[in-house]
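What follows is a short report on a single structure.
The values are calculated or read from the model by the stated rules, or taken from the named source; none is laboratory data. It should be emphasised that the depicted structure is a prediction, and the values quoted were computed from it without experimental measurement. Reconstructed Cβ throughout: ideal geometry from the backbone, glycine too, with neighbour counts over all protein chains shown.
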Amino acid sequence: MNFLSDEELKSYPDVLEVGHIKEILKIGKDLAYQLIKENKIKSLRIGRKTIIAKSSVIDYLNTLYAAKGE
């Protein structure tokens, strides 16, 4: 089972911002920041900006699927 198709992810840059995470995961801003704060989605803070590698989001989704047994 695929959460997102390859085509959907290709439309996003390799380095994402929180707004992208919200769109991809269809979650709110608070939950996006909570996942980052809890280090469930790896990120890097540069000044006031939080950036996330697209691969970190993919790793997070793979972790969810593994925990669910899919």
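Within region 9-30, restricting attention to residues that are assigned to a helix (DSSP H, G or I) and in contact with a helix residue (DSSP H, G or I) (Cβ under 8 Å, 6 or more places away or on another chain), which residue is modelled with the lowest pLDDT? Ranking the qualifying residues of region 9-30, first place goes to LEU9. Give region 33-54 a look and list any residue that's within 13 Å of ILE21 (Cβ to Cβ) and not in a loop (DSSP other than H, G, I, E, B), or say none. Once the filter is applied, which keeps residues that are within 13 Å of ILE21 (Cβ to Cβ) and not in a loop (DSSP other than H, G, I, E, B), region 33-54 yields TYR33, GLN34, LEU35, ILE36, LYS37, THR50, ILE51, ILE52, ALA53, LYS54.
When region 47-70 is filtered for residues that are β-branched (Val, Ile, Thr) and either at positive phi or under 8 Å from the mean Cα position of the chain (by Cα) (or both), the ones remaining, listed by number, are ILE52, VAL57, ILE58.
Among the residues making up region 24-45, those that are more than 10 Å from VAL57 (Cα to Cα) and of a type in the set (S, T, N, Q) are GLN34, ASN39. Contact annotation: residue pairs with Cβ atoms under 7 Å, 6 or more positions apart or on different chains, pairing a residue in region 17-41 that is without any contact (Cβ under 8 Å) to a residue 24 or more places away in the chain and at negative phi with a partner that is surrounded by 12 or more Cβ atoms within 10 Å (Cβ to Cβ) and hydroxyl-bearing (Ser, Thr, Tyr), are ILE36/SER43; ILE36/THR50; LYS40/TYR60; ILE41/SER56; ILE41/TYR60. Taking each residue of region 47-70 that is among the basic types (Lys, Arg) and looking for partners that are not in a loop (DSSP other than H, G, I, E, B) with beta-carbon atoms closer than 7 Å, six or more apart or interchain, yields LYS54/LEU9; LYS54/LEU16.
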